[in-house]
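A.B. asks: Take this structure, written in structure tokens, and hold onto it; I'll ask about it next.
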Amino acid sequence: MGGVSTQSPRPGRGWCRLRGVTKLFLPQTQLEEWALADKADLREGKLVVMAEGGTTFPLTPAVHFVQLVSGEDAQGLVARVKTEEQLARMGAEQMADSVLVGENAYEVVPGYVTEVASSPRPEGGEKKPDSEADLLAAFILNKMG
């Protein structure tokens with residue numbers, strides 16, 4: 001097995017784990033809450049996590065497609081995350097919490113995608129939460145729960 005596995009605990013909040021890399025979608029509203037609480041901040045296109053001693057993670061603007069508002073979801077975008085670059089390649093237009101793809105309208109959650117390196121999982125064993133990916137994921141999931 002292997003490859004990509006996705007889970008999304010709630011709309012607009014989720015993660016995708018690729019071999020060696022963990023991608024996390026962070027809603028803009030969540031980042032604003034963390035900034036107000038001095039838990040994390042967005043600086044020069046990077047997420048700075050204060051709880052981890054100022055560890056930084058690169059951010060890419062993105063949206064999470066929550067639901068189809070009108071038209072057909074022929075491209076299967078609902079429950080997917082797309083970066084601004086991917087939206088531009090699709091000819092999509094974003095307006096706040098909406099995205100138009102051709103004649104189709106979607107409700108989206110604006111935010112960012114961050115990527116962190118994952119530690120390889122020992123054969124037959126559970127991965128210990130000591131990599132940057134696990135620490136960031138634990139921080140995010142704890143704050144979202």
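A.B. asks: Answer yes or no: is there a residue in the range 67-87 that is on the phi > 0 side of the Ramachandran plot and modelled with pLDDT under 90.
C.D. replies: Scanning the range 67-87 turns up no residue that is on the phi > 0 side of the Ramachandran plot and modelled with pLDDT under 90.
A.B. asks: Kindly provide the set of residues from the range 75-97 that are over 10 Å from residue 108 (Cα atoms) and either of a type in the set (S, T, N, Q) or part of a helix (DSSP H, G or I) (or both), ordered by number.
C.D. replies: Within the range 75-97, 75, 83, 84, 85, 86, 87, 88, 89, 90 qualify.
A.B. asks: I'd like to know if the range 23-45 contains one or more residues that are within 15 Å of the chain's Cα centre (by Cα), closer than 20 Å to residue 103 by Cα and either among the polar types (S, T, N, Q) or modelled with pLDDT of 95 or more (or both).
C.D. replies: no
A.B. asks: Can you run down the residue pairs with Cβ atoms below 7 Å, 6 or more apart or on separate chains, where the first is in the range 11-35 and at positive phi and the partner is surrounded by fewer than 19 Cβ atoms within 10 Å (Cβ to Cβ) and modelled with pLDDT of 90 or more?
C.D. replies: 12/66
A.B. asks: Answer yes if at least one residue in the range 44-60 is in contact with a helix residue (DSSP H, G or I) (Cβ under 9 Å, 6 or more places away or on another chain), among the small types (Gly, Ala, Ser) and surrounded by 14 or more Cβ atoms within 10 Å (Cβ to Cβ), and no otherwise.
C.D. replies: yes
A.B. asks: How many residues, within the range 32-66, are farther than 21 Å from residue 87 by Cβ and in contact with a strand residue (DSSP E or B) (Cβ under 7 Å, 6 or more places away or on another chain)?
C.D. replies: 12
The values are calculated or read from the model by the stated rules, or taken from the named source; none is laboratory data. None of these values were measured; they are calculated from a predicted model. Cβ atoms come from the backbone with ideal geometry, glycine included; neighbour counts cover every protein chain shown.
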